[in-house]
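Here's the structure we're looking at; comments come further down.
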Protein chains: 2
Amino acid sequence: MKLYTYPSAPSPRRVHLFLAEKGVDVDERHVDLMSGEHFKPPLRDLNAECTVPVLELPDGTCLAQVMAICRYIEELHPDPPLFGNTPANRAVVTERNRWVETNGFMAVADAFRNTTSAMKGHAVPGTRPVAQIPALAERGRERYGWFLEELDAWLGQHEYVAGDEFSVADITAWVTIEFSSWAIKTEIPEVLSNLTRWYRAVGSRPAVVAST
Amino acid sequence: MKLYTYPSAPSPRRVHLFLAEKGVDVDERHVDLMSGEHFKPPLRDLNAECTVPVLELPDGTCLAQVMAICRYIEELHPDPPLFGNTPANRAVVTERNRWVETNGFMAVADAFRNTTSAMKGHAVPGTRPVAQIPALAERGRERYGWFLEELDAWLGQHEYVAGDEFSVADITAWVTIEFSSWAIKTEIPEVLSNLTRWYRAVGSRPAVVAST
């Protein structure tokens, strides 16, 4: 099992934090996104979209979606559970994680990819030419503000993003906030005290400290 | 367990096809999207985003994300498996399903929501005011064309969207194509013969015929 990765990019980072929380080591191959290594073999031959992370399984199957990789690791290493531990609880983790991806992570990605000069002509992951849309960047930035407010309200009533237990949804949300801080220069507004409490708690977890 | 739904809309439709393939009946409450019933109680109180489907569990927990609902049903009714049957196989189903959602379903949704007059000021699901972006509709339409070509190439080598077995990824892809036909008036190009073969095969499945 090999993980093709560029650990500081947000999608690989989700996988690295997940592995750290599990206490699982995998064979890593770094792919330098800065020099365009992802558009060349071996990565291009493993994942036509030329994105990282890619997890190559022993039989050659390649997984390039973060949640497919995390669910696979969860099956091989079920403890500690990061996807919940009852059918209802697992459904809530799936629900909340997707909510974070759609309203938080994708909002930041829209804001970043549609403005940064490095992604001019590549506003969508993959090899196709896609022009940036400044209005979509604006929309992403506005939606991200709503996401922070809504997450703060939730965290006023729950300890973690999916309820009482730390889960993969916390990893997605924490990486989203880290991503926003360098990609679109956004900090958590001071008034969002529940979110600040949670952000500090997650940031001081041993696995998170060790992998950052 | 109650399903709040508007069966002809694409996201609820994914759940209805999933239930039909499982042979599972649930208590349904129809919510008329045409008259704006989703912005009023009871739905508004169950799901702040005011979208359908919503599955209300016996303890009052509400799931509003299609994949959370489908995974929950899969846990309660594992046969026939629609999420794969080994760890690697389940990972591939997750991978392929997400690929269809991102590159197909969301592309059609972008094209539709950013042009249709009924969604002026509501270009993103939820209750927040979000202006339409015509350039994003164009991008969605172009990306959807690429998605059809790539899916056709895949289906030249595999019987189904996630490999040898019918899965939830086929439901997502089939509903995406149905969605595109009325929402953005796009048909499968005749030259995409693998996709046409698969589309007809899925459309003639007893569960699909019975639920459409």
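Out of A:V52, A:V15, one residue alone is within 14 Å of chain B (Cβ to nearest Cβ) and among the β-branched types (V, I, T). It is A:V15. Restricting attention to segment A:17-37, the residues being over 29 Å from A:P81 (Cα atoms) and within 17 Å of the chain's Cα centre (by Cα) number 1.
Go through segment A:180-212 and give me each residue that's basic (K, R) and surrounded by fewer than 15 Cβ atoms within 10 Å (Cβ to Cβ). If you could, list the steps in order and put the result at the bottom.
Quick first cut of segment A:180-212, residues basic (K, R) only: A:185, A:197, A:200, A:205.
Within segment A:180-212, A:K185, A:R197, A:R200 qualify.
The set of residues in segment A:60-72 being more than 7 Å from chain B (Cβ to nearest Cβ) and surrounded by fewer than 23 Cβ atoms within 10 Å (Cβ to Cβ) consists of A:G60, A:C62.
Every residue, every condition in (1) under 28 Å from B:R113 (Cβ atoms); (2) outside any helix (DSSP H, G or I); (3) among the small types (G, A, S), yes or no:
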| site | (1), (2), (3) |
| --- | --- |
| B:E165 | no, yes, no |
| B:V175 | yes, no, no |
| B:T186 | yes, yes, no |
| B:P189 | yes, yes, no |
| B:L195 | yes, no, no |
| B:A201 | no, no, yes |
| B:V209 | no, no, no |
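Matching residues to (1) of a type outside the set (G, A, S); (2) modelled with pLDDT of 95 or more:
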| position | (1), (2) |
| --- | --- |
| A:E95 | yes, yes |
| A:E101 | yes, yes |
| A:M106 | yes, yes |
| A:R113 | yes, yes |
| A:A123 | no, yes |
| A:G126 | no, no |
| A:V130 | yes, yes |
| A:P134 | yes, yes |
| A:A137 | no, yes |
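Examine segment B:131-153 for a residue that is free of Cβ contacts under 8 Å to residues at least 40 places away in the same chain and closer than 30 Å to B:E56 by Cβ, and state whether such a residue exists. The answer is no, given that none of the residues of segment B:131-153 is free of Cβ contacts under 8 Å to residues at least 40 places away in the same chain and closer than 30 Å to B:E56 by Cβ. The sole residue among B:L57, B:L76, B:L136 that is surrounded by 21 or more Cβ atoms within 10 Å (Cβ to Cβ), facing another protein chain (nearest Cβ under 8 Å) and over 18 Å from A:R71 (Cβ atoms) is B:L136.
Of the residues making up segment B:13-24, none is assigned to a loop (DSSP other than H, G, I, E, B), closer than 24 Å to A:A88 by Cβ and without any contact (Cβ under 8 Å) to a residue 12 or more places away in the chain.
Assess whether A:Y144 counts as being part of a helix (DSSP H, G or I), closer than 27 Å to B:V66 by Cα and of a type outside the set (K, R).
Working: part of a helix (DSSP H, G or I): yes; closer than 27 Å to B:V66 by Cα: yes; of a type outside the set (K, R): yes.
Spelling it out, A:Y144 is indeed part of a helix (DSSP H, G or I), closer than 27 Å to B:V66 by Cα and of a type outside the set (K, R).
Check off (1) away from chain A (no Cβ under 14 Å); (2) in a loop (DSSP other than H, G, I, E, B); (3) not aromatic (F, W, Y) for B:T127 and give me the number that stays unchecked. Going through the list (1) away from chain A (no Cβ under 14 Å); (2) in a loop (DSSP other than H, G, I, E, B); (3) not aromatic (F, W, Y), B:T127 breaks only (1).
Out of curiosity, is A:E95 more than 9 Å from every other protein chain (Cβ to nearest Cβ), among the charged types (D, E, K, R), touching a helix residue (DSSP H, G or I) at 6+ places or on another chain (Cβ under 8 Å) and surrounded by 16 or more Cβ atoms within 10 Å (Cβ to Cβ)? Full working, then the answer.
Numbers: more than 9 Å from every other protein chain (Cβ to nearest Cβ): no; among the charged types (D, E, K, R): yes; touching a helix residue (DSSP H, G or I) at 6+ places or on another chain (Cβ under 8 Å): yes; surrounded by 16 or more Cβ atoms within 10 Å (Cβ to Cβ): yes.
So A:E95 fails the test.
Anything in segment B:8-26 that is hydroxyl-bearing (S, T, Y) and either at pLDDT 95 or above or surrounded by 17 or more Cβ atoms within 10 Å (Cβ to Cβ) (or both)? List them, or say none. Once the filter is applied, which keeps residues that are hydroxyl-bearing (S, T, Y) and either at pLDDT 95 or above or surrounded by 17 or more Cβ atoms within 10 Å (Cβ to Cβ) (or both), segment B:8-26 yields only B:S11.
Against the test of being hydrophobic (A, V, I, L, M, F, W, C) and either assigned by TED's automatic domain parsing to the domain that holds B:K40 or within 29 Å of B:C50 (Cα to Cα) (or both), the options B:A201, B:A153, B:A162, B:A210 yield a single qualifying residue, B:A210.
The values are calculated or read from the model by the stated rules, or taken from the named source; none is laboratory data. If you're wondering where the values come from, they're calculated on a predicted model, not measured in any experiment. A quick note on method: Cβ atoms are made from the backbone with ideal geometry, for glycine too, and the neighbour counts reach across all protein chains shown.
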